[in-house]
Every structure is written in structure tokens, then in C-alpha cells.
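Peer 1: Provided herewith is a single structure, encoded as C-alpha cells, for subsequent inquiry.
The values are calculated or read from the model by the stated rules, or taken from the named source; none is laboratory data. What you see is a predicted model; the values in this text were computed from it and never measured. Here Cβ is always computed from backbone atoms with ideal geometry, including for glycine, and neighbour counts include all displayed protein chains.
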Amino acid sequence: MSQKIYLDNNATTKCDEKVLDAMLPYLKEQYGNPSSTYSFGKDVKNEIMKVRENIAQLLHAKENEIIFTSCASESNVTAIMNAIRMNSNKKHIITTKVEHASIMETMRYLESIGYMITYLSVDSYGRIDLEELKKSITEDTCLIAIMMANNELGNIYPIKEIGKIAKEHHILFHCDSVQAIGKVPVDVQEMNIDTLSLSGHKINAPKGIGVLYVRSGIPFIPLIFGHQEDNRRGGTENVAYIIGLGKAVELLLKDRETNDQLKQLRDYMETEIQNHIDDVMIYGDFDNRLPNTSNIAFQGVQADELLLMLESFNIYVSTGSACNSKLAEPSHVLTACHANLEEYSPIRISLGKYNTKEEIDFFVKRLINIVGMLRRKK
Ligand SMILES: Cc1ncc(COP(=O)(O)O)c(C=O)c1O
């Protein structure tokens with residue numbers, strides 16, 4: 001197989017052809033500015049409204065609760081900064097040790113200007129303890145920020161229970177839902193989520209488009225001031241990308257079977273690997289895991305060496321989240337799990353809707369050979 005085998009869909013996904021087709025007219029003929037008062041602009045605005053409706057439907061939200069942003073990182077930072085500005089007398093935030101860099105780095109910044117941040121610990125499976133969450137709440141807590149699903153392990157967190165705890169204590173709850181969208185049913189009402197982020201490029205739309213959901217009634221101060229998005233996010237709308245995101249969401253809403261297929265393929269892959277390779281460790285919470293993710297290590301084999309060997313066969317996996325993999329530092333998620341990274345250094349395999357059984361068979365075959373070879377080299 002000389003073609004590339006892309007198994008890193010938690011880093012990003014291929015843009016769906018249907019998404020691209022939906023976008024192109026807005027880069028060619030329909031280039032009007034949605035803020036213009038004439039029909040050439042207004043027509044575009046109407047199309048954007050339809051996307052808002054689609055996304056609202058996906059989240060069980062209202063259209064006026066959906067704000068388009070440039071990416072989920074912007075949505076995360078906007079939500080956190082809003083929470084602290086709305087509660088300027090409170091200086092305590094609760095999050096976890098396994099959040100995405102856009103949350104972690106914002107928390108580090110807030111620490112540097114005097115905020116108290118509680119980073120909830122995780123056990124060796126990457127699970128959080130709700131009792132620890134409850135005990136961490138103080139009079140001074142203004143925000144709980146916990147992700148719906150982890151990008152490295154695929155763990156799905158008990159968002160409904162967390163939302164309930166936050167509501168009972170009248171604390172804002174922000175949920176980074178980037179990895180969960182399309183894979184986990186999301187209902188902001190039932191889950192008591194106050195603000196939520198999602199990203200286009202994880203669901204077969206392009207990079208550079210995100211959404212911030214803000215529950216109506218929550219006071220909101222923008223990060224970027226301007227008139228667009230009902231005065232909540234300045235900047236001329238990225239029309240083509242919004243349309244692309246709308247198409248991707250429409251496809252998600254129609255297609256309910258992909259997740260079962262992904263799970264079957266992922267489970268098949270893990271079984272094949274375990275049947276043919278000794279001393280394999282799979283990280284994460286087996287009972288609550290995204291259907292596409294496998295974080296897997298082979299005793300004595302270093303992930304970066306394995307990655308390079310796989311790349312020589314045009315097979316792409318990662319050693320952690322794409323945003324961290326440039327750094328030589330070990331993954332903060334696996335470090336939080338107290339993983340023995342010297343002995344069991346994992347690769348992350350994350351499947352997407354374009355992966356096939358043939359690709360998995362080819363990958364597993366190569367993996368068996370490479371792991372054998374690297375172990376013999378020792
Ligand atoms: C859990 C999580 N949150 C946030 C982001 C950031 O998304 P974006 O690339 O749209 O900023 C990512 C991307 O990897 C992610 O995995």
C-alpha cells in the first residue's frame with residue numbers, strides 16, 4: 001500500500017468533499033459581506049443563520065446562543081476570560097490536569113496574575129473523582145472548566161454530573177467539547193453546560209472555524225469587540241468556513257452509524273494488536289472511551305522511534321496531542337496518570353470515517369514487524 005494511511009484524526013480530519021463543495025460558492029460568487037444592507041450581503045447572512053440553527057440543533061441549544069469564532073482555542077479562552085470578568089470578586093477556578101493546552105495555558109496565565117487554580121487529579125485510567133471536585137469548591141470559585149472527552153486518551157468525562165454539581169453551587173461550567181462532538185450525544189440543557197467550545201477541523205470541516213455556545217441569560221463580555229455575532233465577537237464572518245462547518249454538522253446529524261463502525265474497527269485493531277504482540281498496554285478508561293481512540297504502548301519500545309518507522313511506510317499516528325508533540329516534554333495527560341513512560345511509551349491512534357479495515361490490517365502487519373525489530377535491537 002503506497003498510499004498514506006492517516007490514523008491521527010484527533011489531531012485533525014480530512015475536509016469532506018461535500019463540505020468543500022458547499023464552501024466554494026462563498027469563495028467565488030457569493031462573496032458579499034453578511035453585514036451589508038443589500039440582498040447580496042443579506043442572502044449570505046441568511047445562510048449563516050441556517051448554520052446557527054443546525055449547530056443549535058446538534059447541541060440542543062437556541063440559535064442566539066451560538067457564536068462563531070476562529071477556533072476552539074479562541075472559544076475556550078473567551079469563555080474563561082468571560083467567567084472571570086463576570087465574577088471579578090472571585091479568584092478561584094477548578095479544572096483538571098488533563099485539559100487541552102488552550103485551557104492549561106490560560107490557567108497558567110491566570111495563576112500568574114493571582115488566581116488560585118485547582119487542577120483535579122486523575123487516576124491511572126485518567127478518570128477524575130467527583131468527590132474531589134465537590135471538596136474543591138469554595139465561596140471564591142467562579143468557574144469549573146472540564147472537558148467532555150480527552151484528546152489523548154479518549155476518556156469521556158461525567159459531564160452531566162459535573163454540570164449538576166456546578167449548578168447546585170451556582171458556579172459557571174465551561175466544557176471543552178472539541179473531541180466529543182459527533183461522537184458523544186451533547187445536550188447543553190440536560191448537561192447543565194453554561195459555555196461550550198467546538199472546532200470544525202475535528203469533524204471534517206476546515207481548520208480555522210470554531211463555535212462558542214453561551215447559555216442565554218449569562219452576561220457576556222467579548223474577547224474581540226465589534227458588531228458581528230450580535231456584538232459578541234467582532235470580525236467579518238469567515239463565511240465560507242461557517243458554511244463548511246454547517247455542512248459538516250448536517251452530515252453528523254444525518255449519519256448516526258459512523259460511531260458504531262469506528263468502534264468496531266478500533267476494537268478489531270486493538271484485538272489484532274494484542275493477539276500478535278506481547279506486553280501491550282492500552283491507556284485510558286475502557287468503560288467511557290471515545291469510539292475512535294486508542295492510546296497504546298509496547299513494553300520497551302519508544303514511541304518516537306515507532307512513529308518514525310511507521311512514517312517510513314506512510315502511516316501517520318501521533319505520540320500525544322498534535323499541539324504538544326513538538327515539545328520534547330512527556331505528555332501532561334499521561335504524566336497525570338502516573339504512567340510508566342520509560343517502559344510503556346504510547347502512540348495515539350485515532351480513527352476517522354475514511355479509515356478502512358484494509359488500512360488497519362496493513363497498519364497492524366507493519367506494527368508487528370516494527371515492534372519486533374525495535375525490541376530485538378535492544
Ligand atoms: C480537546 C481540545 N480542545 C481544544 C482544541 C483546540 O481546537 P482548535 O484547533 O480549533 O483551536 C483541541 C485541538 O486539538 C482539542 O483536542
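Peer 1: Restricting to region 83-103, name every residue that is surrounded by fewer than 18 Cβ atoms within 10 Å (Cβ to Cβ) and either under 24 Å from residue 150 (Cβ atoms) or hydrophobic (A, V, I, L, M, F, W, C) (or both).
Peer 2: Within region 83-103, 86, 97, 101 meet the criteria.
Peer 1: For the condition part of a loop (DSSP other than H, G, I, E, B) and either of a type in the set (Lys, Arg) or in contact with a helix residue (DSSP H, G or I) (Cβ under 6 Å, 6 or more places away or on another chain) (or both), what is the one hit in 90, 18, 42?
Peer 2: 90 is the lone residue from the list that is part of a loop (DSSP other than H, G, I, E, B) and either of a type in the set (Lys, Arg) or in contact with a helix residue (DSSP H, G or I) (Cβ under 6 Å, 6 or more places away or on another chain) (or both).
Peer 1: Look through 316, 283 and report the one residue that is within 14 Å of residue 155 (Cβ to Cβ) and modelled with pLDDT of 95 or more.
Peer 2: Being within 14 Å of residue 155 (Cβ to Cβ) and modelled with pLDDT of 95 or more holds for just one of 316, 283, which is 283.
Peer 1: Which one of 54, 89, 9, 64 is of a type outside the set (Phe, Trp, Tyr) and closer than 30 Å to residue 307 by Cα?
Peer 2: 9
Peer 1: Next question. Can you go through 244, 208 and tell me which one is of a type in the set (Gly, Ala, Ser), surrounded by fewer than 17 Cβ atoms within 10 Å (Cβ to Cβ) and not assigned by TED's automatic domain parsing to the domain that holds residue 9?
Peer 2: Selected residue: 208, the only one of 244, 208 that is of a type in the set (Gly, Ala, Ser), surrounded by fewer than 17 Cβ atoms within 10 Å (Cβ to Cβ) and not assigned by TED's automatic domain parsing to the domain that holds residue 9.
Peer 1: Mind listing whichever residues of region 153-168 are among the hydrophobic types (A, V, I, L, M, F, W, C), assigned to a helix (DSSP H, G or I) and in contact with an Asp or Glu (Cβ under 9 Å, 6 or more places away or on another chain)?
Peer 2: Passing the criteria: only 166.
Peer 1: Let me ask you something else. Being in contact with a Leu (Cβ under 6 Å, 6 or more places away or on another chain) and either free of Cβ contacts under 8 Å to residues at least 40 places away in the same chain or not charged (D, E, K, R) (or both) is the requirement here; does residue 129 meet it?
Peer 2: The answer is no for residue 129.
Peer 1: Do you know which residues across region 88-103 are more than 22 Å from residue 339 (Cβ to Cβ) and within 11 Å of the ligand (Cβ to nearest atom)?
Peer 2: The one that is more than 22 Å from residue 339 (Cβ to Cβ) and within 11 Å of the ligand (Cβ to nearest atom): 102.
Peer 1: Mind counting the residues in region 339-367 that are within 15 Å of residue 296 (Cα to Cα) and surrounded by fewer than 16 Cβ atoms within 10 Å (Cβ to Cβ)?
Peer 2: Total satisfying the criteria: 3.
Peer 1: Tally up the residues in region 21-36 that are among the aromatic types (Phe, Trp, Tyr), buried (at least 16 other Cβ atoms within 10 Å of the Cβ) and in a loop (DSSP other than H, G, I, E, B), please.
Peer 2: Total satisfying the criteria: 0.
So that you can scan it fast, the table gives a plain yes or no per residue for (1) more than 15 Å from the ligand (Cβ to nearest atom); (2) among the charged types (D, E, K, R); (3) in a strand (DSSP E or B):
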| residue | (1), (2), (3) |
| --- | --- |
| 151 | no, no, no |
| 170 | yes, no, no |
| 173 | yes, no, yes |
| 178 | no, no, no |
| 189 | yes, no, no |
| 197 | no, no, yes |
| 206 | no, no, no |
| 212 | no, no, yes |
| 221 | yes, no, no |
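Peer 1: Looking at 262, 308, 290, which is the one that is away from the ligand (no atom under 16 Å from the Cβ), within 20 Å of the chain's Cα centre (by Cα) and not assigned by TED's automatic domain parsing to the domain that holds residue 75?
Peer 2: 262
Peer 1: Would you check which residues across region 153-168 are more than 16 Å from the ligand (Cβ to nearest atom) and either among the small types (Gly, Ala, Ser) or surrounded by 24 or more Cβ atoms within 10 Å (Cβ to Cβ) (or both) and list them?
Peer 2: Answer for region 153-168, where residues must be more than 16 Å from the ligand (Cβ to nearest atom) and either among the small types (Gly, Ala, Ser) or surrounded by 24 or more Cβ atoms within 10 Å (Cβ to Cβ) (or both): 163, 166.
Peer 1: Further question: Which one of these does residue 56 not meet: (1) outside any helix (DSSP H, G or I); (2) within 29 Å of residue 231 (Cα to Cα); (3) under 20 Å from the mean Cα position of the chain (by Cα)?
Peer 2: With (1) outside any helix (DSSP H, G or I); (2) within 29 Å of residue 231 (Cα to Cα); (3) under 20 Å from the mean Cα position of the chain (by Cα) applied to residue 56, the lone miss is (1).
Peer 1: What residue, of 69, 141, 78, 106, is modelled with pLDDT of 95 or more, crowded, with 18+ Cβ neighbours inside 10 Å, over 30 Å from residue 251 (Cβ atoms) and within 15 Å of the ligand (Cβ to nearest atom)?
Peer 2: One residue alone meets the criteria, 106.
Peer 1: Sort through 171, 193, 181, 203 and tell me the only one that's surrounded by fewer than 22 Cβ atoms within 10 Å (Cβ to Cβ) and either touching a Phe, Trp or Tyr at 6+ places or on another chain (Cβ under 9 Å) or among the β-branched types (Val, Ile, Thr) (or both).
Peer 2: Selected residue: 171, the only one of 171, 193, 181, 203 that is surrounded by fewer than 22 Cβ atoms within 10 Å (Cβ to Cβ) and either touching a Phe, Trp or Tyr at 6+ places or on another chain (Cβ under 9 Å) or among the β-branched types (Val, Ile, Thr) (or both).
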